[in-house]
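Worksheet: the structure to be examined is printed underneath.
Read the figures in this text as sums done on the coordinates, not as results from a lab. All values reported here derive from a predicted model rather than from experimental measurement. Every residue, glycine as well, gets a Cβ built from its backbone with ideal geometry; the counts of neighbours run over all protein chains shown.
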Amino acid sequence: MSGAPVPQLDLVAQYETIAGEIEPAVLEVLRSGRWVLGEHVQAFEAAAARYVGVPHAIGCASGSDALLLALMALDVRPGDEVVTTAFSFFATASAITRLGARPVFADIRADDFLLDPDAVRAVITPRTRALLPVHLYGQCVDFAAFAAIAAEHRLPIVEDAAQAFGATRDGTAAGAGGDLGCFSFYPTKNLGAAGDAGLLSARDDRLAARVRRLREHGSERRYEHVEVGLNSRLDAIQAAILRVKLAHVDAWSDARAARAATYANLFRAARLDGTVALPSVRAGARHIFHQYVIRTPRRDALRDHLRARQIGCEVYYPIPLHLQQCFAELGGRPGSLPETERASREVLALPMYPELTQAQQERVVDEVASFFR
Ligand SMILES: *Cc1c(COP(=O)(O)O)cnc(C)c1O
């Protein structure tokens, strides 16, 4: 077994497999002189809409902006409440507070880290304006349960699908299970650009048109502004890169799932599956393993042990959103979201990417085993 470092993610390894396709596509954009929106963006939007299975896809500058644009398009205003999870990236909650609205955090399920529909139901009030579930680590929430809550309370659903491009559950794709889906193509995501980029998916024509207007300063005709929006456009170079990568994303997702299966076999063979909790895949779900996340109460010591042996690993996320300093005025208290807080102390993401080799995975599991021995 080699002692070579195993990175948590290797973007260059992936780039090398498709450089021959990316480089001419980028050159074509450079030579076209059409560098913002334009035909490359339209072509990517059309391909992404087809892939997700919705009539509309609207490119924007980042996943964070996609969330903000979605809530703006749904008229989320000061005093409104949006129910979401505190076990997510910061942008999930900051999109809400930037509009003066209040994130109301419901707890997650212990087994899959996803927002618990029963906990969501329990925190809905007359001020609730929208539901914002997150398809964390590449697995979709229970769409049917969320659709039932949304119908009962007449609430729109915004999906934070930033980690779940290509994931499905019971035949519904991430981004097609709510009113608006929000994607990020930050380079480390499972479908990543060479810089910042994002996208919204939409089923409704009017909502899609509103998002399009909001991403260009609330303007449909040049220099005529019907409302105040953002400047949040998708660059043509990023769109051209994403179009190339979109053709590979299913093969990459399958490769990630195969590596997840390999990890599970290796952990079982090392008799570690009772010591660390392995990811749980829901029945009917296509988990695309944006992250491969194990949990153990001895997480911090395991993380230090792996890092000392040059095994890449990360904690997503060490501080739950309700305990972030900038949200102190929301009144979040330690102990108020027990499963979220326990997960933040116990989760550890291991190396995961389509180019990860069997030998690298064996080394990761050997080092986890050496920690518990
Ligand atoms: C990455 C991410 C975002 C934000 O996307 P950016 O493109 O980095 O702005 C939002 N939510 C989740 C769950 C994410 O992982």
Legend entry - Reciprocal mean inverse distance between Cα atoms of segment 248-372 - Kirkwood radius, Å: 15.8
Legend entry - Relative counts (whole %) of C-alpha pair distances in segment 56-119, using bins that are 10 Å wide: 22, 45, 30, 3
Inset, instruction - Just check segment 1-115 against the gyration tensor rule for me: Cα atoms, a ≥ b ≥ c as the square roots of the eigenvalues, rounded for a/c under 1.5, and otherwise prolate or oblate depending on whether a/b exceeds b/c. - result: oblate
Inset, instruction - Starting from 0 in steps of 10 Å, tell me what percent of the Cα-Cα pairs of the chain lands in each bin. - result: 5, 24, 32, 25, 12, 2, 0
Inset, instruction - Quick one: which residues, 5 or more positions from residue 61 or on another chain, have an amide H under 5 Å from its amide H? H modelled 1.01 Å from N in the peptide plane, none for Pro or chain starts. - result: 198, 233
Inset, instruction - Show the residues, 5+ positions off or on another chain, whose built amide H is closer than 5 Å to the amide H of residue 292. - result: 350
Inset, instruction - Of the options 253, 208, 360, report the single residue whose Cα projects farthest towards the positive end of the charge dipole of the chain (beta-carbon charges: Lys, Arg +1; Asp, Glu -1). - result: 360
Inset, instruction - Taking amide H positions as placed in the peptide plane 1.01 Å from N, state which residues far from residue 316 in sequence (5 or more) or on other chains have amide H under 5 Å from it. - result: 349
Legend entry - Rg over Rh, two decimals, segment 125-262 (C-alpha only, Kirkwood Rh): 1.01
Inset, instruction - Before rounding to the nearest 500, sum -39500 (n - 2.57) across all DSSP H runs of length at least 4 in the chain and divide by the residue total; then give [θ] at 222 nm in deg cm²/dmol. - result: -12500 deg cm²/dmol
